[in-house]
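Structure, as structure tokens:
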Amino acid sequence: MTPKVALVTGATQGLGLALVEGLARRLTPEDTVYLTGRDPGRVSQAVAALPGGGALPGGGARVRGETLDVAAPEAADRLAARLRERHGGVDIVFGNAVMRVGPDDDPRAIVDAYTQVNNFGTTRVLRAFAPLLRDNGRLIVVASSLGTLHHLAPVLHDRFAGLSSLDEVDEQIAAWRDAVADGSARSGAWPGFVNIPSKIGQVAAVRALARRRREQDLARGILLAAVCPGMMNTATSAVWWDVSDAPTPAQAATALLNLAFDPVDPGHYGRLVRDGQVLPWAPERAR
């Protein structure tokens, strides 16, 4: 049997690190899990801090660190090429890289860097790694329940409702980014909380790619989906909400790992999934 290869972006802390640990525990010593992040030092520290320094005691996959800054235009393609050369393909990819925003951040000042990571980073990962998926592979984008059209003013639904390519998604995100940066979004229908359009863009990207790949992927046992991990007890979430009773990243990772290892449910393909259930994308008339 061909050894399996898994990769997690944004994996030096929080949910990403929990996904790496969970993947390593569920896979075998012949398999490899890539822990990636934009800072080489933090990547090395994260691998070294894992039980066994990346070689889990009692078995499990080997964890290997790789630098990947999804905000850099060619970085995902370069890493994908290296993995193709080393392994021939990949089996599980979690797109988890995220730039977080706090209540005191000025959206106009941060929106460019924010979209480069959260949105254009997502489409870069989809473009780079979808072609590498082997039979029964999984490509899962970590998004949010905010990533549905229910959270967007109806006048804006058509911007995301019927997109059929990643290029079209990028164009809509760029238009929104520019409106935030020049201040015009504040006088329009766009929500002030930048997470909402950003998460909708992530889910729209999954949906657009799924439109093109669905028949072939399902025939090969491949799942392409977005996933909502739910609220987590992290320092970043705590600046917005009371998360004292929320699950830890390790607890939240369980449902995501189940999605990666359970048999494919065709109803999940191209959709946003939370705890095994599909979250509706839009009101019926906007679908």
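From A260, A226, which residue is touching a strand residue (DSSP E or B) at 6+ places or on another chain (Cβ under 6 Å), of a type outside the set (D, E, K, R), modelled with pLDDT of 95 or more and not in a helix (DSSP H, G or I)?
Just one listed residue meets the conditions, A226.
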Requested in this report: Please enumerate the residues belonging to region 34-65 that are part of a strand (DSSP E or B), more than 17 Å from the chain's Cα centre (by Cα) and under 20 Å from R124 (Cα atoms).
Outcome: G65
Report summary line: Among residues of region 36-90 being small (G, A, S) and under 16 Å from L19 (Cβ atoms), the residue surrounded by the fewest Cβ atoms within 10 Å (Cβ to Cβ) is A49
**Report entry** Identity of the residue in region 195-229, among the small types (G, A, S), free of Cβ contacts under 8 Å to residues at least 60 places away in the same chain and within 20 Å of H151 (Cα to Cα), that ends up surrounded by the most Cβ atoms within 10 Å (Cβ to Cβ)
**Finding:** A204
Query raised in the report: When you go through R124, R134, R138 one by one, which is the residue that is in contact with a Pro (Cβ under 8 Å, 6 or more places away or on another chain) and either of a type outside the set (D, E) or within 23 Å of D91 (Cα to Cα) (or both)?
Result: R124
Query raised in the report: Can you tell me which residue in region 247-287 is nearest to L139 (Cα to Cα), limited to those that are loosely packed, with under 14 Cβ neighbours inside 10 Å and of a type in the set (D, E, K, R)?
Result: D262
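Picking from V101, V141, V93, V117, which residue would you name as being under 19 Å from the mean Cα position of the chain (by Cα), assigned to a helix (DSSP H, G or I) and buried (at least 19 other Cβ atoms within 10 Å of the Cβ)?
V117
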Report summary line: In region 70-90, anything farther than 19 Å from V33 by Cβ and outside any helix (DSSP H, G or I) is listed as A71, A72, P73, E74
Requested in this report: Could you grab the pairs with beta carbons closer than 7 Å, sequence gap of 6+ or different chains, first residue in region 159-170 and in a loop (DSSP other than H, G, I, E, B), second one at pLDDT below 95 and of a type in the set (G, A, S)?
Outcome: A161/A282; A161/A286
**Report entry** Failed condition for R134, given (1) surrounded by fewer than 19 Cβ atoms within 10 Å (Cβ to Cβ); (2) in contact with a Gly (Cβ under 8 Å, 6 or more places away or on another chain); (3) part of a helix (DSSP H, G or I); (4) of a type outside the set (A, V, I, L, M, F, W, C)
**Finding:** (3)
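The values are calculated or read from the model by the stated rules, or taken from the named source; none is laboratory data. Note that this is a predicted model, so its numbers are computed, not measured. We place every Cβ from the backbone using ideal geometry, glycine too, and count neighbours over all the protein chains shown.
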